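Here the structure is laid out as structure tokens; the discussion comes afterwards.
The values are calculated or read from the model by the stated rules, or taken from the named source; none is laboratory data. Bear in mind the structure is a predicted one, so any value in this text is a computation, not a measurement. Glycine also receives a Cβ, built like all others from the backbone with ideal geometry; neighbour counts cover every protein chain displayed.
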Amino acid sequence: MTMRLLAGLAALCSALLCGLATPAPAVAAEQAFRIGIAPHTSARVIIEQYQPVRRAVEAALGRPVEIVTAPDFTAFARRAMDQEYDIAVTTGHQAEMLRKDAGYLPLLTYKADFRAVVVTAAKGPYRTAASLAGTTVLGLSPSSLVTLWGQHWLAGQKLPGIQLRYVSAADSVAQLILAGDASAGFMSLANRAKLAPEVQAQLSTIAESRPMAGRVYMLNGREAAVADPLRKALFAFGETAEGKAYFDANQLDGYRTVSDEELEAMEPLSDEVRSVLKAGK
């Protein structure tokens, strides 16, 4: 019995020693740097569209980078507030909320004006603002900049009986209008220009906003140390052939800096996003 016990203890000690000598597991792969893009169109299009930016950021940081989005603008705002993105690319009203409430830092924006438009079917019966009374109008989500602008525009027209319906993306807005399921819809001028030429030809614009702070790159405060090198790298990317092709393809005209004052001007609409998030919509 004693000999068996001693043998067992020896085997156990040997196993423990072997276990200690076993090489440690490989260190987990470095977590990807996440660039969140507000869902202005389908996830597939967003991921394809931002591949040149992903490659430029990846080269600048020397770490994996992934492009992600969210089901709608409200979900995107909530995820950004929950610190899920290292960079959040979103319109000025959400950017201001992230700056003020969640510690994000403005990096840059695009040179091209950002405008919202109200579109209808070119050959349909809805040719004027007054003709929309009593109809269904489409927005992207309660916290989308184009939707908030559109709701204010509708309120200014004092149109009775409007039913506002939310859909996922600008191409869905166009399809539903052309199918006769809605009289009009809100989208950005840039997204209107990205629709297929045959779809664009079937739409008419009946109202257009003034320029607003468009897609702003907001850096999560936890990554503040890379703000200056990242900004320089993005501007340098804009001067490359790939960068210029990216701007041309998406009618963005290049990058420019964005000021705190420019974002502060969006504060009234930022408050509306806060209300949407608080209501849990």
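Could you list, in sequence order, all residues of segment 194-214 that are surrounded by 14 or more Cβ atoms within 10 Å (Cβ to Cβ) and modelled with pLDDT under 95?
Passing the criteria: K194, L195, M212, A213, G214.
Suppose we filter G185, G180 for residues that are in contact with a strand residue (DSSP E or B) (Cβ under 9 Å, 6 or more places away or on another chain), assigned to a loop (DSSP other than H, G, I, E, B) and farther than 19 Å from Q94 by Cβ; which single one remains?
Details: G185 fails: assigned to a loop (DSSP other than H, G, I, E, B).
Just one listed residue meets the conditions, G180.
Quick check, is R231 crowded, with 19+ Cβ neighbours inside 10 Å, in contact (Cβ under 8 Å) with a residue 24 or more places away in the chain and part of a helix (DSSP H, G or I)?
On the way: crowded, with 19+ Cβ neighbours inside 10 Å: yes; in contact (Cβ under 8 Å) with a residue 24 or more places away in the chain: yes; part of a helix (DSSP H, G or I): yes.
So R231 fits the description; yes.
Run down F76, F33 and say which single residue is aromatic (F, W, Y), within 20 Å of N250 (Cβ to Cβ) and either at pLDDT 95 or above or surrounded by 14 or more Cβ atoms within 10 Å (Cβ to Cβ) (or both). Step through it out loud before you land on a result.
On the way: F33 fails: within 20 Å of N250 (Cβ to Cβ).
The conditions single out F76.
Would you confirm whether or not segment 92-105 contains a residue that is buried (at least 24 other Cβ atoms within 10 Å of the Cβ), assigned by TED's automatic domain parsing to the domain that holds S275 and within 21 Å of P52 (Cα to Cα)? Give the steps one after another, and end with the answer.
Pass one, segment 92-105, residues buried (at least 24 other Cβ atoms within 10 Å of the Cβ): 92-98, 104.
Then keep just the ones that are assigned by TED's automatic domain parsing to the domain that holds S275; that gives 92-98, 104.
Still in the list and also within 21 Å of P52 (Cα to Cα): none.
No - not one qualifying residue is present in segment 92-105.
Looking at segment 49-65, I want the residues that are closer than 14 Å to A236 by Cα and have a partner that is part of a loop (DSSP other than H, G, I, E, B) with Cβ atoms under 7 Å, at least 6 apart or on another chain. Which pairs are those?
Going by the 7 Å Cβ cut-off, the qualifying pairs are E58/P64.
Test S204 against the criterion of being among the hydroxyl-bearing types (S, T, Y) and farther than 22 Å from S143 by Cα, and give yes or no. Can you show your working first?
Numbers: among the hydroxyl-bearing types (S, T, Y): yes; farther than 22 Å from S143 by Cα: yes.
The answer is yes for S204.
Any chance segment 196-211 includes a residue that's over 26 Å from A130 (Cβ atoms), of a type in the set (K, R) and touching a residue at least 24 places away in the same chain (Cβ under 8 Å)?
No, because not a single residue in segment 196-211 is over 26 Å from A130 (Cβ atoms), of a type in the set (K, R) and touching a residue at least 24 places away in the same chain (Cβ under 8 Å).
Could you count how many residues in segment 162-171 are among the hydroxyl-bearing types (S, T, Y) and in contact with a Gly (Cβ under 9 Å, 6 or more places away or on another chain)?
Keep residues of segment 162-171 that are among the hydroxyl-bearing types (S, T, Y), which gives 166, 168.
The next check asks that each one be in contact with a Gly (Cβ under 9 Å, 6 or more places away or on another chain); those that pass are 166.
The number of residues fulfilling the criteria is 1.
Yes or no, residue by residue, for (1) within 28 Å of A279 (Cα to Cα); (2) surrounded by fewer than 17 Cβ atoms within 10 Å (Cβ to Cβ); (3) among the hydrophobic types (A, V, I, L, M, F, W, C):
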position: S131; (1), (2), (3): no, yes, no
position: T135; (1), (2), (3): yes, yes, no
position: V146; (1), (2), (3): yes, no, yes
position: Q151; (1), (2), (3): yes, no, no
